[in-house]
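Asker: Below is the structure I would like to discuss, written out as structure tokens.
The values are calculated or read from the model by the stated rules, or taken from the named source; none is laboratory data. Just so it is clear, the structure is predicted and the values come from calculations on it, not from any experiment. Cβ atoms come from the backbone with ideal geometry, glycine included; neighbour counts cover every protein chain shown.
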């Protein structure tokens, strides 16, 4: 039964296709991709994230709200500030794979293939 459920996820007719398209749309923003990359290093406050992605804290907060709604990041209170982390490893893996694919678009021998 588990195998059938897994195969259904890869079916072009799956209802998950629409959710995937929404997720890709959410990740089509460079600031959100940068936030996810920054959070691969661990938990960060809004201020630390703003510094890491070179954006204003208010803008980062707005992006984090969207990432939270999509359940890609979670927050916890640490005193008077919120600290954010990735909900799980999937968003980081998705972004890492997209970066590897982007390397193919800009070079004949991507760095992840190593020198040949």
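Asker: Of all residues in segment 27-42, which are touching a helix residue (DSSP H, G or I) at 6+ places or on another chain (Cβ under 8 Å) and in contact (Cβ under 8 Å) with a residue 24 or more places away in the chain? Lay out the reasoning, then the answer.
Answerer: Going residue by residue through segment 27-42, those that are touching a helix residue (DSSP H, G or I) at 6+ places or on another chain (Cβ under 8 Å) are 27, 29, 31-40.
Passing the criteria: 27, 29, 31, 32, 33, 35, 36, 37, 39, 40.
Asker: Has segment 86-108 got any residue that is free of Cβ contacts under 8 Å to residues at least 60 places away in the same chain and under 16 Å from residue 45 (Cβ atoms)?
Answerer: Yes: one or more hits.
Asker: Given the conditions (1) in a helix (DSSP H, G or I); (2) under 14 Å from the mean Cα position of the chain (by Cα), and given that residue 102 satisfies all but one, which numbered condition is not satisfied?
Answerer: Only one criterion is unmet by residue 102, namely (2).
Asker: Just to be sure I understand, how many residues within segment 53-65 are more than 15 Å from residue 81 (Cβ to Cβ) and either assigned to a helix (DSSP H, G or I) or within 15 Å of the chain's Cα centre (by Cα) (or both)? If you could, list the steps in order and put the result at the bottom.
Answerer: Filtering segment 53-65 down to residues more than 15 Å from residue 81 (Cβ to Cβ) leaves 53-56, 59, 62-63, 65.
Then drop every residue that is not either assigned to a helix (DSSP H, G or I) or within 15 Å of the chain's Cα centre (by Cα) (or both), which leaves 53, 59, 62-63, 65.
Selection size over segment 53-65: 5.
Asker: Sticking with this one: Among the numbered conditions (1) more than 18 Å from the chain's Cα centre (by Cα); (2) not in a helix (DSSP H, G or I), tell me where residue 85 comes up short.
Answerer: In the conditions (1) more than 18 Å from the chain's Cα centre (by Cα); (2) not in a helix (DSSP H, G or I), residue 85 misses (1) alone.
One line per residue, one yes/no per condition, for (1) over 16 Å from residue 26 (Cα atoms); (2) in contact with a helix residue (DSSP H, G or I) (Cβ under 6 Å, 6 or more places away or on another chain); (3) at pLDDT 90 or above:
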{"residue": "68", "(1), (2), (3)": "no, no, yes"}
{"residue": "91", "(1), (2), (3)": "no, yes, yes"}
{"residue": "95", "(1), (2), (3)": "no, yes, yes"}
{"residue": "100", "(1), (2), (3)": "yes, yes, no"}
{"residue": "104", "(1), (2), (3)": "yes, no, no"}
{"residue": "114", "(1), (2), (3)": "yes, no, no"}
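Asker: Kindly establish whether residue 48 is farther than 17 Å from residue 95 by Cα, part of a helix (DSSP H, G or I), without any contact (Cβ under 8 Å) to a residue 12 or more places away in the chain and over 13 Å from the mean Cα position of the chain (by Cα). Lay out the reasoning, then the answer.
Answerer: Details: farther than 17 Å from residue 95 by Cα: yes; part of a helix (DSSP H, G or I): yes; without any contact (Cβ under 8 Å) to a residue 12 or more places away in the chain: yes; over 13 Å from the mean Cα position of the chain (by Cα): yes.
Yes; evaluated as a whole, the condition is true for this residue.
Asker: Something else: When you scan segment 66-82, how many residues do you find that are surrounded by 12 or more Cβ atoms within 10 Å (Cβ to Cβ) and part of a helix (DSSP H, G or I)?
Answerer: Going through segment 66-82 one residue at a time, the tally reaches 3.
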